[in-house]
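To start, the structure under review is shown below, and the notes come after it.
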Amino acid sequence: MKTAIVTLFPELVDGFLTTGVLGRAVRDGRLECARFNPRNYAHDARKTVDDRPFGGGAGMVMMVEPLGEAVSAARSAVPEGAPVVFLSPQGERFDHRIAAELAALEGFVLVAARYEGVDERFVERHVDRELSIGDYVLSGGELAALVVLDSAVRLLPGVVGNPDSITRESHVDGLLDYPQYTRPETHTTGRTPEVLLSGNHGAVATWRKREALGRTWLRRPDLLLDRELGEDDRALLASYIRDTAGAS
Ligand code: 9WO
């Protein structure tokens, strides 16, 4: 996959592109991520990329020209037709479904802005998709761009070593994760649930499904509304609810 990030602070993304899962994807040649700095496309000797907002008000707005020219350069580093994605609190809410859509593409350009915003003409002219990772304001779009890139790249074939790790992950089947335990079996903080030590793979799978359904019901009931539960899952959730109702 060939990607590019447009950012005034390319050094901010370096650590993520050289470390862990993303770092290995780059070294294995499964991911390219070129960096483009709008500062290098400024038109004046002072390298200006921002200016005061028309109509007044606090802060500065990123100018359309340096940003637009940086995006044009970035587009030449990604495959023909790759979309330009702008990260902003005004965007469509990013989720696993959109991560999978992006992972199915040959590439995309991520645009991370700074200051108090960008000239709206940049968005109209250069942006194909505006994404938000949540309802909060950041100091810039870089963290959001990295969230989007990381979650999409993990879905590429061969990037996460064990394919089970992907299908097992939260949100892939629309449920939260089940609780996990590792050594020691017993600790002052508590004992590992017996079923996980039983060696009975069927019983383990049933326990995990019941925990995943139960925690989703407790913590994110909105996720269950989007999902038709089968007969078996309904029974597992009912059993979980009976048990927790007794415990609380
Ligand atoms: C800053 C600001 C200050 C005072 C009043 C209003 C304000 N709005 C902003 C603002 O939105 N700044 C943005 C900073 C401009 C675009 C890049 N920045 C950004 C992106 N902050 N947060 C995001 C972001 C992106 C995706 N998902 C969540 C947040």
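General remarks:
- In the range 26-63, residue surrounded by the fewest Cβ atoms within 10 Å (Cβ to Cβ) [restricted to those that are in a strand (DSSP E or B) and touching a residue at least 24 places away in the same chain (Cβ under 8 Å)]: 32
- The test for being over 14 Å from residue 175 (Cα atoms) and either in contact with a Ser or Thr (Cβ under 9 Å, 6 or more places away or on another chain) or at pLDDT 95 or above (or both) does not hold for residue 211.
- Filter result (within 15 Å of the ligand (Cβ to nearest atom), in a loop (DSSP other than H, G, I, E, B) and surrounded by fewer than 21 Cβ atoms within 10 Å (Cβ to Cβ)) within the range 95-122: 95, 114, 115, 116, 117, 119
- Checking residue 66 against (1) buried (at least 16 other Cβ atoms within 10 Å of the Cβ); (2) not in a helix (DSSP H, G or I), the condition it does not meet: (2)
- The residue that is farthest from the chain's Cα centre (by Cα), among those in the range 24-67 that are of a type in the set (A, V, I, L, M) and under 22 Å from residue 146 (Cβ atoms), is 49.
- When residue 151 is tested against the conditions (1) within 11 Å of the chain's Cα centre (by Cα); (2) of a type in the set (S, T, N, Q); (3) near the ligand (Cβ under 7 Å from one of its atoms), the lone failure is (3).
- Every condition in (1) more than 16 Å from the ligand (Cβ to nearest atom); (2) at pLDDT 95 or above; (3) of a type outside the set (Gly, Ala, Ser) is met by residue 162 except one, and the failing one is (2).
Let's see how each residue does on (1) in contact (Cβ under 8 Å) with a residue 40 or more places away in the chain; (2) exposed (fewer than 12 other Cβ atoms within 10 Å of the Cβ):
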residue	(1), (2)
127	yes, no
136	yes, yes
140	yes, no
143	no, no
146	yes, no
152	yes, no
158	yes, yes
163	no, yes
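- Within the range 123-139, the set of residues being in contact with a strand residue (DSSP E or B) (Cβ under 9 Å, 6 or more places away or on another chain) and either within 7 Å of the ligand (Cβ to nearest atom) or not in a helix (DSSP H, G or I) (or both) comprises 127, 128, 129, 130, 131, 132, 133, 134, 135, 136, 137, 138.
The values are calculated or read from the model by the stated rules, or taken from the named source; none is laboratory data. These figures come from a predicted structure and were not determined experimentally. Every residue, glycine among them, receives a Cβ derived from its backbone with ideal geometry; neighbour counts consider all protein chains shown.
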